[in-house]
Amino acid sequence: MLLAVTEALGATWGLPRFLLAMALLAFGLFCCYVKYIHIKYDYIPGPPRASFFLGHIPILWRILKKNEIFHEYFLQWAEEYGPIVRLNIAHRIFICVLSPEGVKEFLTSPQYPKDQHVYGAVANMFGIRVVGNGLASDCNINRWRKQRKIMDPAFSRTYLNGLEGIFNDQAEEFMKVMEEKADGETEVDMTTLMERATIDIIGKVAFGMEMNTIWDKQMPFLRAMTVVMRGIGASRDLFFQYNPRNRKVVEETRKSARLLRRIGKECIEERLRAVRNGEETPSDILAKILENAGQEGQNDEENMLDNFMTFFIAGYDTTANLLSTTLMELGRHPEILAKLQAEVDEVIGVKRDITCEDLRKLHYLSQVFKETLRLYPPVPSTIRWTGTETIIEGIRIPANSTLIFSTGAMGRMEKFFKNPLMFDPDRFREDQPKPYFCYFPFSLGPRSCIGQTFAQEETKLLMAKFLQKFEFQLVPPQSFKLRDTGIVRLLDNVVCKVTLRNSCI
């Protein structure tokens, strides 16, 4: 019937006028829909929209263009509008929740999934599968539970303790590179070296791969990973891939993602073939995953490949940036550095191989890292989807809403941390009160980061070995400013002059 009517109108009016009428009708309906969304959410506090159609997108564009941090604006808006802040992203609404009670309710409960609209952008970026249905991006709770059950044992502290020899061997390669540069005159780009060290550790400990990027910066894997990370940052601009000027970046990102997945596929297939043939295989995280997957009857190679990508993307850049920002703060606070070196000397001494038990005794180093993560969390937020209407801080949140939880903003709020911009590791002493659901750099609850124990042991080991052997000074000038590329990192890499400590000469 509708088809007959439209054909009749087309014949009566002529095709151009008919198409124009249909376009105007569609535009009018879209305007009505946008207005409906405004009416539905406008009672929730938030900054004024910059555009009827785009909402706050022009503001976010300006933040990106100026290399500023979204979560600093969340902090400003929370001070002005309260703990629940509305953001209009075109016709979609994001609600930033800066409330400990809201964090407790939505992050510790398994009933609130991740938002597939947001995480889908990383799962399949620029039309190419990147992390797919890996642990970090899978929004299907039942499928995610099966994955987590298989992978949890491989990331347990007990299993990782058995890999401490591999951790130490890889960390020693980083120390050898540093020894070559420790002349007190060479300006050392510590951020880049730490990126290469962490990618080597993940490759070896997780997948038995000899990456050697710490020695060879031209490795195709390293270049491809750098390009993909840049693509992830660019993809936050909803229109980036449709701009002809960005075609080269989009194509490079696609090509790099394909290369990484091909390398991962070869690694996994080679390991599966060795297992089937009864050959000796490395003791690493992949070995434990395959063992658990076989027991559960869940040998899904495509899903394993998704997690190969997830472990590298989620692990190497975040860890390197934690190390970089920690070095920055230690360089700015010599009294904290001296106290930390004294602890390393007492616990580690001149040992080459540092055990997991040694790392657990480095209490002040743990405090330093926790304070760094409070001020500079590499992943400053996590997102959830609420399928039913709920109330947070007395404000009604409609069903099917996207909620943003920002540890980056909450970690800098005076109401939660006294003198929040001061770097003070003593906030995290055991005799101090624990932060109440306002500090969650690895997220919280069932979907907290599976790799947090891995990351903590890796960063503590690298930093302990570095402080055991070297003195360093920051090379001025350094801006100490942050930028947001999907991962919050320093605008300028941390550059130091390094010398051997007297005890190591």
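Only the coordinates and a few stated rules stand behind these numbers; no lab work does. A quick note: this is a predicted structure, and the numbers were derived from the prediction, not measured. Cβ: placed from backbone, ideal geometry, glycine included. Neighbour counts: every protein chain shown.
Highest mean first, what order results for 44-51, 83-90 on Cβ atoms within 10 Å? It would help to have the intermediate numbers written out before the result.
Working: 44-51: 15.6, 83-90: 20.9.
Result, highest mean first: 83-90, 44-51.
Per residue of the stretch 40-48, in order, report the coupling 6.51 cos²θ - 1.76 cosθ + 1.60 (Karplus, θ = phi - 60°) as ³J(HN,Hα) in whole Hz, putting x for Gly and Pro.
Whole-Hz 3J(HN,Hα) from phi for the stretch 40-48: 5, 10, 5, 6, 7, x, x, x, x.
Averaging sequence separations of C-alpha pairs under 8 Å and six or more residues apart, then dividing by the length of the stretch 358-505, give the relative contact order as a whole percent.
Numbers: 165 pairs, mean separation 34.7, N = 148.
Once divided by the residue count of the stretch 358-505, the mean separation gives 23 percent.
From the Cα gyration tensor of the stretch 56-504, with a ≥ b ≥ c the square roots of its eigenvalues, which class applies: rounded if a/c is under 1.5, or else prolate if a/b is larger than b/c, or else oblate? Walk me through the numbers before you get to the answer.
On the way: a/c = 1.43, a/b = 1.12, b/c = 1.27.
Rounded, since a/c falls under 1.5.
Suppose a student asked you for the relative contact order of the stretch 199-315, using Cα pairs under 8 Å spaced at least 6 residues apart; what percent would you report?
34 percent
Considering Cα pairs under 8 angstrom that are at least six residues apart, work out the relative contact order of the chain and quote it in whole percent.
Working: 705 pairs, mean separation 115.6, N = 505.
Reported as a whole number, the value is 23 percent.
Between 394, 477, 449, whose Cα lies farthest towards the positive end of the dipole of the stretch 346-505 when Lys and Arg beta carbons carry +1 and Asp and Glu beta carbons carry -1, centred on the Cα centre?
Toward the positive end, the furthest listed residue is 477.
Here are some pairs, 339/434; 460/481; 146/434; 176/339; 146/204; which of them have Cα atoms lying more than 28 Å apart in this structure?
Values: 339/434 23 Å; 460/481 24 Å; 146/434 32 Å; 176/339 25 Å; 146/204 25 Å.
Over 28 Å apart, Cα to Cα: 146/434.
When the Karplus curve 6.51 cos²θ - 1.76 cosθ + 1.60 is applied with θ = phi - 60°, which whole-Hz ³J(HN,Hα) does each residue of the stretch 169-183 get, with x for Gly and Pro?
Once θ is set to phi - 60°, the couplings for the stretch 169-183 become 4, 5, 5, 5, 4, 5, 5, 4, 5, 5, 4, 5, 9, 8, 10 Hz.
For 272, 75, what ranking results if the residue with the fewest other Cβ atoms within 10 Å of its Cβ goes first? It would help to have the intermediate numbers written out before the result.
Details: 272 17, 75 21.
By the 10 Å Cβ count, ascending: 272, 75.
Below 19 Å, Cα to Cα, which aspartates and glutamates can residue 65 reach? Residues fewer than 8 away in the same chain don't count.
Straight-line reach from residue 65, under 19 Å: 237, 484, 492.
Explain nothing, just the number: dipole magnitude of the stretch 408-467 about its Cα centre with +1 on each Lys and Arg Cβ and -1 on each Asp and Glu Cβ, in debye rounded to the nearest 20.
With Lys and Arg at +1 and Asp and Glu at -1, about 160 debye.
Provide the per-residue ³J(HN,Hα) series for the stretch 443-459, in order, calculated from phi with Karplus coefficients 6.51, -1.76, 1.60 and θ = phi - 60°, each as a whole number of Hz, with x at glycine and proline positions.
6, 9, x, x, 9, 5, 4, 5, x, 5, 5, 4, 5, 5, 5, 5, 5
For residue 474, what is the net charge nearby, where nearby means another residue's Cβ is under 13 Å from its Cβ and Lys, Arg count +1, Asp, Glu -1?
Working: positive: 332, 497; negative: 187, 189, 329, 471, 492.
Spelling it out: positives minus negatives among the neighbours equals -3.
Amide H of residue 401: which non-local residues (sequence gap of 5 or more, or other chain) have their own amide H closer than 5 Å, using H built in the peptide plane?
Sorted by chain and number, the residues that satisfy this are 386.
Name the residue farthest towards the positive end of the dipole of the chain from the options 463, 435, 355, assuming +1 on Cβ of Lys and Arg, -1 on Cβ of Asp and Glu, about the Cα centre.
Going by the Cα projections, it comes out as 435.
Below 13 angstrom from the Cβ of residue 332, what's the summed charge of the other residues (Lys, Arg +1; Asp, Glu -1)? Let's see the in-between values first.
Details: positive: none; negative: 329, 335, 371, 424.
Surrounding charge for residue 332 is -4.
Taking H placed 1.01 Å from N in the peptide plane, check which residues at least 5 places from residue 501 or on another chain put their amide H under 5 Å from its amide H.
470, 471
If amide H atoms are built 1.01 Å from N in the plane of the peptide, which residues on other chains or at least 5 residues away come under 5 Å of the amide H of residue 482?
Under 5 Å from the amide H of residue 482 lie the amide H atoms of 491, each far enough along the sequence or on another chain.
What 222 nm value per residue comes from the helices of the chain, counting each DSSP H run with n ≥ 4 as -39,500 (n - 2.57) and dividing by all residues, nearest 500 deg cm²/dmol?
Numbers: 19 runs with 272 residues, N = 505.
Rounded to the nearest 500, it is -17500 deg cm²/dmol.
Report the Rg/Rh value for the stretch 378-489, based on alpha-carbon coordinates and the Kirkwood definition of Rh.
Values: Rg = 18.0 Å, Rh = 17.5 Å.
My calculation of the ratio gives 1.03.
What is the packing order of peptides 345-351, 98-104, 396-402, taking the mean over residues of other C-beta atoms within 10 Å and listing the highest first?
Working: 345-351: 13.6, 98-104: 20.6, 396-402: 15.6.
My ranking of the peptides, most packed first, is 98-104, 396-402, 345-351.
What's the magnitude of the charge dipole for the stretch 56-504 around its Cα centre, counting Lys and Arg as +1 and Asp and Glu as -1 at the beta-carbon? Answer in Debye, nearest 20. Kindly include the intermediate steps, with their values, before the conclusion.
On the way: 60 positive and 60 negative charges, 313 e Å.
For this selection, approximately 1500 debye.
So if R0 is 41 Å, what FRET efficiency would residue 148 and residue 17 give, r being the distance between their Cβ atoms, rounded to the nearest 0.05?
0.10
Projected onto the charge dipole of the chain (+1 at Lys/Arg Cβ, -1 at Asp/Glu Cβ, origin at the Cα centre), which of 312, 99, 275 gives the Cα projection farthest towards the positive end?
99
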